[in-house]
Amino acid sequence: MIDVEHLRKVYGSVTAVRDLSFHVPGGEVLGLVGPNGAGKTTTLRALAGIIRPTSGTVRIAGRSLADEPIDAKRQLAFIPDEPQLFDYLTVEEHLRFVARLYNVADAEARLGPLLTEMELDGKRTAFPTELSRGMKQKLATACGLLHDPRVLILDEPLTGLDPAAIRRMKGTIVARARAGAAVILSSHLLTLVEELCTRVLVLQEGAAVALGTIDEIVAERPELAGRPLEDVFLALTGQSEEVGAGDRTPADGGVR
Amino acid sequence: MTAVLGAFTYLTVTSARNRFLRQVRRLRSPRYVLALLLALGYFWLILINPARSGSAPGHVLVGEGAELAAALALVALATYWWIVGSDQSALAFAPAEVQFLFPAPVTRRQLVQFKLVRAQVLILFNILIWSLLLRRGAGEGVLTWLRPISLWVLFSTFQLHRLGATLARASVAEHGEAGVRRSGLAVAVMAVILGAIAWGLVRAWPATGVASLQEALQLVERAAEQPAAAWALLPFRAVVAPAFAPDVETWLGAIGVAAAIMLAHFVWVVRADTAFEDAALEASAERAARVAAWRGGGRMARRNRAAAGMASRWRLPLAAGGEPAVAILWKNTYAVLRGDRFGRQLFFFAAIVVAICAFAYLEPARTSGFLMGILAAWGSMLVLLGPLWLRNDLRGDLSRLELLRTYPVPASRLVAAEMASSALVLTVLELALGLCVFVALLRSPDVTLPLPDRLAVLTAGALALPAINLLSAGLHNGAALLFPGWLALGGGRRPGIEAMGQTYLTMIVSLLLLAVLLLFPVLVAAITGFALRGTYGIWSLPPAAVAGSAVAAGELALILRWLGRQFERTEPADVETAA
């Protein structure tokens with residue numbers, strides 16, 4: 001569903017992403033993790049067609065983002081960490097706007113259930129500036145889901161949500177993956193990654209330092225067996241010395 | 001106190017310096033270098049070139065009656081600020097300023113001082129522009145060097161008055177009767193000034209009415225000489241007097257009074273800080289919502305919500321199927337209809353236009369020439385300046401480039417929809433004005449053109465305007481796409497008349513470019529009209545307009561193709577959002 005080959009992005013003298021290749025099939029949730037400045041956001045933006053890669057190819061549902069950008073974009077939804085909404089459209093009008101952009105024929109039928117799923121039923125006529133941070137995030141998510149994308153790219157999707165909404169959002173992500181969507185989820189919440197993601201891609205200075213299930217990653221680094229995911233992550237990204245890792249045991253929540 | 005002011009100055013100066021350096025770093029791109037060279041050439045030819053002495057554009061801005069006109073313009077602006085309210089940008093803080101300054105151990109008065117320090121950057125830059133514009137005007141030699149001081153006093157007073165009026169209105173809104181009492185003196189003073197000027201107009205109004213623009217100007221001059229109006233206008237004329245002083249002696253006599261008025265404004269503003277924090281937060285939230293609502297935080301301002309709530313009754317249908325780019329047009333039209341600023345201005349202008357047209361229709365013998373002159377000037381301004389005023393296109397949306405990029409819409413179609421957004425609203429406004437004029441002239445004895453011929457002119461105008469507006473929108477959107485790092489994008493805009501120098505330069509450049517783009521369409525239209533004139537008479541105008549529009553459409557197609565490619569190449573990091 002998502003095919004990335006030798007993706008590279010250079011800003012001036014800085015290489016943000018270097019030679020990144022991976023594949024995410026339908027039904028899989030890939031966790032994208034890495035320290036600040038590792039190139040996660042640049043990677044997500046390149047996958048969403050926001051920025052053009054310096055080199056390499058990205059294919060969404062079999063269509064090249066460079067050669068068939070419109071067809072590729074019709075298949076995907078990008079939900080950024082900071083919801084981008086229009087000041088003068090109401091909640092419902094945002095969805096109608098998206099429906100037209102993506103030519104969602106049965107928009108009317110989808111609109112109600114989606115608003116209910118996102119708990120925005122009572123906010124249909126509200127403007128973005130009347131919504132809380134969490135509600136804005138829900139609206140951005142609803143806009144992303146309206147056209148039933150085959151590829152879902154989420155950047156810190158739980159930011160600003162309350163505990164109940166976090167549970168529902170996690171349910172939504174899992175449900176979309178079960179329905180066959182390929183999902184990429186970027187988050188600093190390692191527990192979320194561990195809970196939802198079938199595989200993990202760890203980035204460090206723009207390059208992949210690990211890719212696979214957590215068990216596969218640990219299997220390649222036997223010294224990390226039994227350590228919590230946090231320690232695994234810090235070790236992979238070369239930060240373990242800074243935080244005094246190595247003191248925890250499986251009883252603290254270590255990786256099996 | 002000094003430490004806080006020092007911190008404010010450091011923040012302002014360092015921010016300005018860094019911003020300037022960042023703009024300079026853009027020169028690594030060849031297109032920015034080209035733009036800079038063209039701009040320098042333009043400045044040299046229009047503003048500095050000694051060979052053009054006496055012919056700089058500023059020459060028309062000074063001269064007999066200019067001082068009175070400037071004073072009256074100031075009265076009109078002050079009235080607008082007091083009655084309708086400014087857009088509160090005078091009070092608005094950037095989100096980072098709210099985050100750092102409001103919780104800091106800083107008094108409200110010091111925050112006001114920060115705004116004043118901040119405004120000085122813009123004022124000083126515009127003084128430079130105006131000094132160049134006016135250097136060929138009245139007064140030479142040493143007066144040229146004194147003019148910047150005059151302009152500094154003038155613009156600073158403008159800015160202080162706007163800030164004071166905004167604070168006073170905010171105080172009234174927040175404290176009700178108590179606010180009225182606090183701001184009562186200022187409101188009363190404005191009421192007396194307006195009353196005196198109105199009384200002067202009544203006293204000077206000729207029994208025969210006003211039939212021409214010249215008679216209207218004479219009426220204004222006579223009204224200003226009436227004792228009550230003369231007294232009322234005194235402070236306004238005193239503020240503008242140094243800028244128009246013909247010699248050093250007059251300047252020395254005028255600058256002291258103007259400076260005293262500025263000082264009085266400063267004291268008034270610094271003391272009128274009772275409602276500052278809330279009003280500033282509200283203004284900041286409004287601006288934040290306008291510029292970058294998605295950055296989060298802040299509740300919608302009451303006033304903004306009220307405006308949006310009122311406008312939300314307007315429903316524009318949008319089918320789920322069809323050309324996706326239409327959704328962009330739909331969204332941008334909502335942005336205009338629900339925009340607080342546009343709604344207020346539209347109401348203000350529509351009321352005046354309808355009143356003028358109704359009056360002209362009912363009293364054709366007394367008014368038509370003069371009033372139609374005003375409406376014609378207004379229509380021309382809409383065509384020429386409208387594209388600068390309406391920014392519901394890429395100039396407003398480019399700050400959301402990341403979001404736009406995710407849409408499954410080809411870049412050239414997306415840019416076309418963005419351009420069409422402002423052109424559509426502008427065309428509707430122009431046609432409405434044209435229709436008003438047409439109706440008002442139905443009974444005018446001054447218009448000798450037969451009714452069918454007038455209809456031909458109206459039809460030709462209706463056919464030509466969309467193409468003109470689209471070309472104009474193409475220029476402004478093209479500039480936004482080509483120089484996103486130099487142009488302030490987003491919902492923000494220049495804060496007031498003190499920034500008019502920049503607006504003036506932008507207007508001249510865009511008009512020159514529009515003239516170049518219209519050259520070929522006008523030529524084709526003229527040839528078509530000439531060829532058909534013998535057969536169809538004045539009715540050759542509509543087909544001529546169609547022919548010209550067809551050529552303009554060809555130009556637009558080329559522009560769109562090019563801008564579409566530019567849109568795809570523009571990096572989100574290159575976009576400079578208005579603060």
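Computed over the range A:123-162, the convex hull of the alpha-carbon atoms projects to a mean area of 3.2 nm². The residues B:Y42, B:Y80, sorted by heavy-atom accessible surface at 1.4 Å with ligands and nucleic acids left out, run B:Y80, B:Y42 from largest to smallest. With the whole protein complex present, B:W539 retains an accessible surface near 100 Å², based on a 1.4 Å probe. Give the calculated FRET efficiency between A:D67 and B:L346 to the nearest 0.05, with a Förster radius of 56 Å applied to their Cβ-Cβ distance. Computed FRET efficiency for A:D67 and B:L346: 0.80. Per residue of A:64-76, other chain Cβ atoms within 10 Å of the residue Cβ number 2 on average. Potential lengthening of the chain between B:E568 and B:A207 amounts to 123.5 nm, from the contour at 0.36 nm per residue minus the alpha-carbon distance. Could you tell me which of the pairs A:K73/A:K170; A:K40/A:K123; A:K136/B:K331; A:K9/A:K170; A:K9/B:K331; A:K73/A:K136 are separated by over 27 angstrom between their Cα atoms in the structure shown? Over 27 Å Cα-Cα: A:K40/A:K123; A:K9/A:K170; A:K9/B:K331.
Pull up the DSSP beta bridges for the range A:67-208 and report the antiparallel fraction as a percent, rounded to 5. Rounded to the nearest five, the antiparallel share is 20 percent. Using a 1.4 Å probe and ignoring any ligands, DNA or RNA, find the accessible area of B:S472 and quote it in Å² to the nearest 10. Here the residue's solvent-accessible area equals roughly 10 Å².
Calculate how many DSSP beta bridges within chain A are antiparallel, expressed in % of all such bridges and rounded to the nearest 5. Once the DSSP bridges in chain A are tallied, antiparallel ones form about 55 percent. Translational diffusion coefficient of chain A (Stokes-Einstein, Kirkwood radius from Cα pairs, 10 °C, 1.306 mPa s): 83 µm²/s.
Please compute the alpha carbon radius of gyration of the range A:98-175, then divide it by the globular-protein estimate 2.2 N^0.38 Å. Two decimals is fine.
Against the empirical 2.2 N^0.38 Å value, I get 1.06 for the range A:98-175.
If you average the sequence gap of Cα pairs under 8 Å that are 6 or more apart and divide by the length of chain A, what percent do you get for the contact order? Please list the in-between numbers first.
Values: 468 pairs, mean separation 62.7, N = 256.
Answer for chain A is 25 percent.
The order of A:H6, B:H265 by accessible area, most exposed first and with a 1.4 Å probe, is A:H6, B:H265. Dimensions of the range A:1-110 based on its C-alpha atoms, expressed as ranges along the principal axes with the largest first, amount to 45, 30, 25 Å. Look at the stretch A:50-58: the mean tally of other chain Cβ atoms within 10 Å of its residues' Cβ atoms is 2.
In the complete set of protein chains, residue-level accessible area for A:E5 is approximately 100 Å², probe 1.4 angstrom. Accessible area buried by the pairing of B and A, both sides summed with a 1.4 Å probe, works out to roughly 3900 Å².
The values are calculated or read from the model by the stated rules, or taken from the named source; none is laboratory data. Note that the structure is predicted; figures quoted are calculated from it, not measured. FYI the Cβ positions are ideal-geometry reconstructions off the backbone, even for glycines, and counts take in every protein chain you see. The accessibility values were calculated without ligands, DNA or RNA, using every heavy atom of the protein model including side chains. Shrake-Rupley method; radii C 1.70, N 1.55, O 1.52, S 1.80 Å.
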